[in-house]
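Following: one structure in structure tokens, then a few remarks.
We did not get these values from a lab; they are worked out from the coordinates using the rules stated. As the structure is a computational prediction, the values presented were derived from the model and not from experiment. When we count neighbours, we look across all protein chains shown, and the Cβ atoms used for this are built from the backbone with ideal geometry, even at glycine.
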Amino acid sequence: MLAVSIMVTLTKRYLALLSTTFLPIILLGQPNDSILLRWKIAPNENLKYFIIENQTVIGDSVDNKSNAKVSTQQRTNDTSLNKKAISFKNLFYGPRKSYKGTDTSLLSLLQKKKNIISINIITVGNGLTPLGVDTSTAFAWRRKTPGDTILRGSIYDSGAIESFYTLSSQKNLIALYCQLPDKKLKIGDRWPLEFSYLYFNDGFICDTSFKKNDITLTDIKKRGNETIAVITYDIIEYASGTIGGMFIAKEKVTMKFTYSGVGEFCIEKGRWVSYKATQTTMSDGFIKENSVKNISLLAK
């Protein structure tokens, strides 16, 4: 009887040891687990990532035949409007805008104040080359000189954007690469980014629009001693309508933006260990352009 009692006691202790030692590992990644994403950067640490952008942009050429989208009747009635449209497009959108190549920039994260992380992006290299027989380069503002500053901003270590005052285009970069949800998450939870890509001036009259902004925690997994949060990005923006103004006749315009990607964030180290995404843009109308950009973050 004593032997049976000892055996029962040992069995209970063994089961208790299993539940405290191995069960958390077994259950890690189950839907009921919750995690908190936080950037963890030491006071004297300067965390750096290369942003590698492999891109191809296909645009229309600028000529008198196809780029001033003015109807035949309008062209007959007002040739000056057509000339103004062509001149306007040539001036602001360049002679050719089809090109391919790799852009490289450097993202730096530095904690200068408690709980606030400074963000800086500078250009490193520009390997863009024009496509087609025209050897003129892409738009002037596509050319980036190494060392140029693209972005200055900041986030809280929680991942929330602190520099609310930055331009929308700069805030978009912060959101895509640095913004984290300031809340506990379980697998399947979704949240939006402070992100907005498409914009038009007051000459645009919209008839159809659609927006999707879903960032999802799709998995939690163990890799050695590290806990990895797998985050997927699914952003779509679409708008179509008519646009007109001083230099162009009223015409149909359509624009679409997509961003899909997967990032792996280490909970213990508080940083990306992997980040890859694909961005596409499409515009049709006065300005035609289709682009595909494959983006990756590479720790320096």
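Taking the stated definitions as given, is Y177 out of contact with any Cys (no Cβ under 8 Å at 6 or more places or on another chain), within 26 Å of S118 (Cα to Cα) and surrounded by 15 or more Cβ atoms within 10 Å (Cβ to Cβ)?
Working: out of contact with any Cys (no Cβ under 8 Å at 6 or more places or on another chain): yes; within 26 Å of S118 (Cα to Cα): yes; surrounded by 15 or more Cβ atoms within 10 Å (Cβ to Cβ): yes.
Yes.
When the residues of the stretch 150-168 are narrowed to those that are assigned to a strand (DSSP E or B) and β-branched (V, I, T), which ends up farthest from W272 (Cα to Cα)?
First, the residues of the stretch 150-168 that are assigned to a strand (DSSP E or B): 150-156, 161.
From what's left, β-branched (V, I, T): 150, 155, 161.
Values: I150: 21, I155: 15, I161: 17 Å.
By that ranking, first place goes to I150.
Look at E237 and say whether it is crowded, with 20+ Cβ neighbours inside 10 Å and in contact with a strand residue (DSSP E or B) (Cβ under 7 Å, 6 or more places away or on another chain). Write out each step before concluding.
Working: crowded, with 20+ Cβ neighbours inside 10 Å: yes; in contact with a strand residue (DSSP E or B) (Cβ under 7 Å, 6 or more places away or on another chain): yes.
So E237 fits the description; yes.
Kindly indicate the residue of the stretch 269-287 that is outside any strand (DSSP E or B) and touching a helix residue (DSSP H, G or I) at 6+ places or on another chain (Cβ under 8 Å) and also surrounded by the most Cβ atoms within 10 Å (Cβ to Cβ) among those meeting that condition. Walk me through how you get there before you give the answer.
Filtering the stretch 269-287 for residues outside any strand (DSSP E or B) gives 269-270, 285-287.
Checking which are touching a helix residue (DSSP H, G or I) at 6+ places or on another chain (Cβ under 8 Å) leaves us with 286-287.
Numbers: F286: 22, I287: 18.
This residue is F286.
For the stretch 172-189, how many residues are free of Cβ contacts under 8 Å to residues at least 40 places away in the same chain and either of a type in the set (S, T, Y) or over 24 Å from G153 (Cβ atoms) (or both)?
1
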